[in-house]
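One structure is given below, encoded as structure tokens.
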Amino acid sequence: MGAKRDLVSMLDVKDDLVGLLELAGNIKNRTKAGEPYEPLRGKSLAMIFEKASTRTRVSFAVGMTQLGGHALFLSPNDLQIGRGETIVDTARVLSRYVDGIMYRAFKRETVMELARNASVPVINGLDDKEHPCQVIADLFTILEHKGSFKELKLAYVGDGNNVCNSLLLGAAIVGMDMTAACPNGYEPDAEILATARRLAKDSGLKIHIVDDPVGAVQRADVVYTDVWVSMGQEKETEQREKVFRRYQVNSKLLEHAKKDAVVMHCLPAHRGLEITDEVIDGPLSIVFDQAENRLHAQKAILSRLLAGV
Ligand code: CP
Ligand code: NVA
């Protein structure tokens with residue numbers, strides 16, 4: 001066995017992203033054909049969620065079952081973490097029982113500390129900086145709908161949050177132009193942006209951060225949005241809803257995108273705020289294909305990290 005592989009940032013799969021997307025496609029085809037595929041027979045995944053989750057929780061749990069393994073849902077309040085046991089000791093102990101740990105955290109440092117101290121792979125199920133599993137599924141969805149990343153432009157409209165950060169890295173890695181339209185003061189993480197720009201420069205891609213949503217979606221092939229208030233930012237709701245009003249993805253904004261553009265949202269959506277009902281339920285929306293693909297992408301990630309497939 002080689003060294004264990006973690007997935008904390010999109011950068012951890014930089015050299016294998018295309019391969020992972022291919023694997024997700026193969027696994028999806030097998031599932032649709034009703035062919036069993038169980039490389040994780042007898043293996044267990046611990047899933048610890050500091051925050052709520054529908055898609056990540058269910059797709060990891062169902063994914064483990066379909067791959068022949070088993071997932072345990074653990075809340076920090078029920079674990080001894082809630083009573084002060086350290087992340088370091090938790091990482092060491094869980095590594096003696098399970099074959100992988102998925103963690104959804106408020107802070108990046110928690111996931112890093114877990115990864116440093118666990119002898120089994122650690123998968124970031126979302127933190128304040130990134131949401132890599134989401135973006136791997138998103139890139140897979142874009143590939144399914146558009147066939148290739150070549151000459152594509154992704155326009156992200158809204159908060160420069162964890163999802164936007166991972167999209168910047170993901171776009172730079174696969175070779176897709178990306179423009180993010182974010183209000184002043186709500187831009188993506190500066191360090192991640194610099195890394196994405198460095199990667200993009202090598203391949204001649206364009207990565208732009210602007211504040212005008214209309215300019216951003218001009219000639220876009222993919223229009224992507226996410227919530228204005230991420231988990232943990234609830235106290236800022238009133239202020240954010242004011243600042244972001246102009247960043248709603250609605251039919252009027254989409255007039256500026258390409259005619260065959262697709263609309264994406266990682267969900268959960270706040271209908272009537274960052275996206276209208278008309279758009280999310282409309283013909284350009286691929287939001288529910290995107291949600292389904294969390295399952296197929298998760299299975300690729302799990303097979304790769306836990307069984308070296
Ligand atoms: N998109 C996503 O991660 O959804 P959940 O918060 O429901 O897991
Ligand atoms: N940016 C959102 C994504 C939820 C899946 C959040 O962090 O709450």
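The values are calculated or read from the model by the stated rules, or taken from the named source; none is laboratory data. Remember, it's a predicted structure, so these values are computed and weren't measured experimentally. We place every Cβ from the backbone using ideal geometry, glycine too, and count neighbours over all the protein chains shown.
Miscellaneous remarks
- Residues located in segment 140-166, provided they are within 16 Å of ligand 2 (Cβ to nearest atom), out of contact with any strand residue (DSSP E or B) (no Cβ under 6 Å at 6 or more places or on another chain) and assigned to a helix (DSSP H, G or I): THR141, ASN162, VAL163, ASN165, SER166
- Candidate set: segment 116-135, residues that are of a type in the set (A, V, I, L, M) and away from ligand 1 (no atom under 12 Å from the Cβ); chosen: the one farthest from ALA291 (Cα to Cα): ALA118
- Of the residues GLY19, GLY25, GLY63, GLY82, the single one that is within 16 Å of ligand 1 (Cβ to nearest atom), small (Gly, Ala, Ser) and not in a loop (DSSP other than H, G, I, E, B) is GLY63.
- Inside segment 272-288, residues that are exposed (fewer than 14 other Cβ atoms within 10 Å of the Cβ) and either within 13 Å of ligand 1 (Cβ to nearest atom) or not in a loop (DSSP other than H, G, I, E, B) (or both) make up a count of 3.
- For segment 211-252, the candidate set comprises residues that are under 19 Å from ASP138 (Cα atoms) and of a type in the set (Val, Ile, Thr); within that set, the residue that is surrounded by the fewest Cβ atoms within 10 Å (Cβ to Cβ) is VAL227.
- Inter-residue pairs, beta-carbon under 9 Å, first farther than 24 Å from MET231 by Cα and of a type in the set (Phe, Trp, Tyr) and in segment 31-51, second assigned to a helix (DSSP H, G or I) and at pLDDT 95 or above, 6+ apart: TYR37/ASN26; TYR37/ILE27; TYR37/ARG30; TYR37/THR31; TYR37/GLN66; TYR37/LYS299; TYR37/SER303
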